[in-house]
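Chemist: Below is one structure. I have some questions about it.
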């Protein structure tokens with residue numbers, strides 16, 4: 001397989017990546033045959049999956065618009081993946097052109113492409129780091145130079161925490177970021193999950209495929225997602241099915257939106 005000039009030499013082209021699988025589902029061009037094969041296999045197992053990914057992306061846009069409207073001008077996007085149309089900085093600047101963004105991802109392709117795409121933008125920085133180590137992220141030159149942690153910051157964890165198993169203490173990771181933020185900061189997150197007995201067709205087979213090919217998926221119930229907002233005051237309607245969190249138009253919702261296999265919420269850090 002020929003290596004494109006945007007792919008770092010250390011990338012294994014035969015091993016799928018979460019960021020590049022998402023890029024393929026979102027219509028991007030920065031993915032390889034192994035990523036596309038896994039993505040297509042997953043959709044074959046769980047036909048509703050691509051729609052779920054697009055719904056997750058739509059939540060990101062709605063959350064950023066809400067946060068910008070609430071006065072937030074600094075965004076820390078953890079597990080940001082590969083930039084596509086409608087990314088955080090583009091959405092935020094529709095309301096506030098002065099918005100600053102730091103994108104953080106561990107995948108070298110996502111980081112390399114993000115840096116190439118955004119290199120001329122002084123209000124956007126890309127950091128390659130492991131989000132499971134909050135101090136390393138927050139004390140990095142990239143974050144220190146772009147964001148002022150003495151002012152409110154919106155921490156985004158969208159389509160991220162289902163890749164963090166309970167054994168790696170996701171609540172502790174969230175707390176590591178929360179405890180460095182000032183009151184009035186926000187947390188926005190989404191998480192794949194269902195309530196007991198609601199699993200869609202192919203749900204377990206899809207999780208088994210990811211566990212074997214990339215990384216295990218941790219599905220969580222609503223009450224578990226609500227617990228991630230410890231220290232935050234949830235914005236109405238609280239933790240909701242992803243399509244039901246501030247929908248652009250209730251008329252556009254699918255009939256089964258109240259059974260969507262994923263939850264989302266936004267919380268404001270208390271004083």
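Chemist: Residues in region 217-230 that are surrounded by 16 or more Cβ atoms within 10 Å (Cβ to Cβ) and either modelled with pLDDT under 95 or assigned to a loop (DSSP other than H, G, I, E, B) (or both): how many?
Modeler: So in region 217-230, the residues surrounded by 16 or more Cβ atoms within 10 Å (Cβ to Cβ) come out as 217-220, 222, 224-226, 228-229.
Imposing the further condition that a residue be either modelled with pLDDT under 95 or assigned to a loop (DSSP other than H, G, I, E, B) (or both) reduces the set to 217-220, 228-229.
Total satisfying the criteria: 6.
Chemist: Additional query: Would you pick out the residues in region 250-269 that are outside any helix (DSSP H, G or I) and either loosely packed, with under 11 Cβ neighbours inside 10 Å or within 16 Å of the chain's Cα centre (by Cα) (or both)? Give the derivation first.
Modeler: Going through region 250-269, the residues outside any helix (DSSP H, G or I) turn out to be 253-256, 260-269.
Selection gives 255, 261, 262, 263, 264, 265, 266, 267.
Chemist: Looking only at region 225-257, which residues are farther than 15 Å from residue 59 by Cα and touching a strand residue (DSSP E or B) at 6+ places or on another chain (Cβ under 8 Å)?
Modeler: The answer is 225, 226, 228, 229, 231, 232, 233, 234.
Chemist: Can you tell me which residues in region 124-170 are without any contact (Cβ under 8 Å) to a residue 12 or more places away in the chain and not in a loop (DSSP other than H, G, I, E, B)?
Modeler: Hits for region 124-170 are 136, 141, 144, 167.
Chemist: In region 80-95, which residues are closer than 18 Å to residue 161 by Cβ and modelled with pLDDT of 95 or more?
Modeler: 88
Chemist: Another one. Among the residues of region 228-246, which ones are under 18 Å from the mean Cα position of the chain (by Cα) and in contact (Cβ under 8 Å) with a residue 40 or more places away in the chain?
Modeler: Correct list: 228, 229, 242, 243, 245, 246.
Chemist: Out of the residues in region 37-64 that are assigned to a helix (DSSP H, G or I) and over 20 Å from the mean Cα position of the chain (by Cα), state the one that is surrounded by the most Cβ atoms within 10 Å (Cβ to Cβ).
Modeler: As a first pass, look at region 37-64 and keep what is assigned to a helix (DSSP H, G or I): 37-45, 49-64.
Now narrow it down to the ones that are over 20 Å from the mean Cα position of the chain (by Cα): 37, 40-41, 44-45.
Values: 37: 14, 40: 14, 41: 14, 44: 13, 45: 17.
Across region 37-64, the extreme among qualifying residues is 45.
Chemist: While we're on this one: Considering every residue within region 208-216, establish whether at least one is at pLDDT 95 or above, in contact with a helix residue (DSSP H, G or I) (Cβ under 7 Å, 6 or more places away or on another chain), over 19 Å from residue 60 (Cα atoms) and surrounded by fewer than 16 Cβ atoms within 10 Å (Cβ to Cβ).
Modeler: Applying the first criterion (at pLDDT 95 or above) to region 208-216 yields none.
The answer is no; no qualifying residue exists.
The values are calculated or read from the model by the stated rules, or taken from the named source; none is laboratory data. Everything numeric in this text was worked out from a predicted model, so none of it was measured. All Cβ positions, even for glycine, are placed from backbone atoms using ideal geometry, and neighbour counts span all protein chains on display.
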